[in-house]
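See below for the structure under consideration.
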Amino acid sequence: MTTPVLIHRAEPADTDAILRILGETYEATWKPELSAAAIARFESSAHTAAYVRERLRHFEVVCLDGEVVGLLDWHDEFIDALHVSPRHQRQGIGAALLRHAETAIAGAGHARIRLETDTFNRQARAFYGKHGYAEVDFYPDEEWHSGFTTVLMNKAL
């Protein structure tokens, strides 16, 4: 990406765009891997909308040409969400969001950063590995009951 990535705090007006990006990444990444029962459970849960409502004031977003194309949510030393619209991936937006999170988390006094992904998500595992994150633990996904194996990754700051 040649244009600098500008990251700013999400505003209430960004809610629909954040939900759109989370929906796009769910459709492109997780849904193809889920069982029909897990899809039905997730899609009927309204969890995503509740999560965004609860955490909106903590989200940070990237806009290109007036469109929100990436998002970040973190607390303490943990990245809860880092998503880039599939239409804008591989343009440096994810890397900029990750650098931003690392700087903010280090600035908050934490010595490491942690996040989770899933074993099937080779794209995310490669992305984080390229940026110095190590896979440190594997455990069943008990939050979503998806049948997936969660990968805990971390990096010293």
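Name the single residue that is nearest to the chain's Cα centre (by Cα) among those in the range 1-25 being closer than 30 Å to H145 by Cβ, among the small types (G, A, S) and in a helix (DSSP H, G or I).
Among those residues, the one meeting the criterion is G23.
Going through the range 71-86 one residue at a time, which ones are free of Cβ contacts under 8 Å to residues at least 60 places away in the same chain and over 14 Å from E11 (Cα atoms)?
Initially, the range 71-86 is screened for residues free of Cβ contacts under 8 Å to residues at least 60 places away in the same chain, giving 73-82.
Listed by number, the residues that qualify are W74, H75, D76, E77, F78, I79, D80, A81, L82.
Within the range 111-132, take every residue that is assigned to a loop (DSSP other than H, G, I, E, B) and touching a residue at least 24 places away in the same chain (Cβ under 8 Å) and give me the one that is surrounded by the fewest Cβ atoms within 10 Å (Cβ to Cβ).
First, the residues of the range 111-132 that are assigned to a loop (DSSP other than H, G, I, E, B): 111, 119-121, 131-132.
Now narrow it down to the ones that are touching a residue at least 24 places away in the same chain (Cβ under 8 Å): 111, 119-121, 131.
Values: A111: 9, T119: 13, F120: 16, N121: 16, H131: 14.
Top of the filtered list is A111.
Quick one: in the range 43-61, which of the residues that are without any contact (Cβ under 8 Å) to a residue 12 or more places away in the chain and acidic (D, E) is nearest to D16 (Cα to Cα)?
E54
Yes/no per residue for (1) of a type in the set (S, T, Y); (2) at pLDDT 90 or above; (3) surrounded by 15 or more Cβ atoms within 10 Å (Cβ to Cβ):
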| residue | (1), (2), (3) |
| --- | --- |
| A10 | no, yes, yes |
| R41 | no, no, yes |
| E54 | no, yes, no |
| C63 | no, yes, yes |
| V69 | no, yes, yes |
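Assuming A28 fulfils every condition listed in (1) loosely packed, with under 15 Cβ neighbours inside 10 Å; (2) assigned to a loop (DSSP other than H, G, I, E, B) apart from one, which condition is it?
Result: A28 passes all but (2).
Tell me, which residue of the range 42-74 that is part of a strand (DSSP E or B) and of a type in the set (D, E) is farthest from R122 (Cα to Cα)? Spell out how you get there, then give the answer.
Filtering the range 42-74 down to residues part of a strand (DSSP E or B) leaves 60-64, 67-74.
Those left that are additionally of a type in the set (D, E): 60, 67, 73.
Working: E60: 25, E67: 27, D73: 21 Å.
Here the answer is E67.
For the range 133-154, enumerate the residues that are surrounded by 17 or more Cβ atoms within 10 Å (Cβ to Cβ) and either over 16 Å from the mean Cα position of the chain (by Cα) or aromatic (F, W, Y) (or both). So that I can check it myself, show each step before the final result.
Residues of the range 133-154 surrounded by 17 or more Cβ atoms within 10 Å (Cβ to Cβ): 133, 146, 148, 150-151, 153-154.
Hits for the range 133-154 are Y133, S146, F148.
Among the residues of the range 79-110, count how many are within 23 Å of D137 (Cβ to Cβ), hydrophobic (A, V, I, L, M, F, W, C), buried (at least 17 other Cβ atoms within 10 Å of the Cβ) and over 9 Å from the mean Cα position of the chain (by Cα).
Count: 3.
When you scan the range 34-41, do you find a residue that is assigned to a helix (DSSP H, G or I), touching a Ser or Thr at 6+ places or on another chain (Cβ under 8 Å) and not polar (S, T, N, Q), even just one? Explain how you work it out, then say what you get.
Initially, the range 34-41 is screened for residues assigned to a helix (DSSP H, G or I), giving 36-41.
After this cut, where a residue has to be touching a Ser or Thr at 6+ places or on another chain (Cβ under 8 Å) as well, the list is 38.
Checking which are not polar (S, T, N, Q) leaves us with 38.
So far as the range 34-41 goes, yes, one or more of its residues are assigned to a helix (DSSP H, G or I), touching a Ser or Thr at 6+ places or on another chain (Cβ under 8 Å) and not polar (S, T, N, Q).
Of the numbered conditions (1) closer than 22 Å to E33 by Cβ; (2) part of a helix (DSSP H, G or I), L98 fails exactly one; give the number of that condition.
(1)
The values are calculated or read from the model by the stated rules, or taken from the named source; none is laboratory data. Everything quoted here is computed from the prediction, not taken from an experiment. Don't worry about glycine lacking a Cβ; one is built from the backbone with ideal geometry, like all the others, and counts go over all protein chains shown.
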